[in-house]
1. Does Y37 qualify as being part of a loop (DSSP other than H, G, I, E, B), within 30 Å of I5 (Cβ to Cβ) and over 19 Å from the mean Cα position of the chain (by Cα)?
2. Only one of these is in contact with a helix residue (DSSP H, G or I) (Cβ under 6 Å, 6 or more places away or on another chain), modelled with pLDDT of 90 or more and not aromatic (F, W, Y): K60, K11. Name it.
3. Just one of K19, K46, K31 is of a type outside the set (A, V, I, L, M), surrounded by 10 or more Cβ atoms within 10 Å (Cβ to Cβ) and out of contact with any Leu (no Cβ under 6 Å at 6 or more places or on another chain); which is it?
4. Testing R39 on (1) modelled with pLDDT under 85; (2) of a type in the set (K, R); (3) touching a helix residue (DSSP H, G or I) at 6+ places or on another chain (Cβ under 8 Å), one condition comes back false. Which one is that?
Amino acid sequence: MISAIDDGMVKTQASRLFKISRNTIDIWLKKRNETGYYRPKEGYQKGYNPKIADLERFSKFVQSHGSSTQNEMAEAWSEKM
């Protein structure tokens with residue numbers, strides 16, 4: 001997308017084509033001008049880590065305890081949440 005603007009595409013046209021806001025384009029261009037790089041940070045996670053580490057194991061647990069209430073399932077689940 002940035003390369004399209006570098007090749008002469010107007011920001012408004014790029015905004016419509018790539019379905020992103022003009023503000024986002026301006027932010028990316030500003031970041032590139034300031035740092036020389038506009039890609040997102042790698043290894044950056046927003047929010048909290050998931051409370052359930054093994055989703056496959058939890059899925060099997062839910063299937064085998066499907067008739068239980070949430071409180072009963074919480075008591076039966078061996079890991080701390």
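1. yes
2. Going through K60, K11 in turn, just one is in contact with a helix residue (DSSP H, G or I) (Cβ under 6 Å, 6 or more places away or on another chain), modelled with pLDDT of 90 or more and not aromatic (F, W, Y): K11.
3. Every option except K31 fails the conditions.
4. (3)
The values are calculated or read from the model by the stated rules, or taken from the named source; none is laboratory data. What you are looking at is a predicted structure, and each value in this text was computed from that prediction instead of being measured. Using ideal geometry, Cβ is built from the backbone for each residue, glycine included, and neighbour counts are taken over all protein chains shown.
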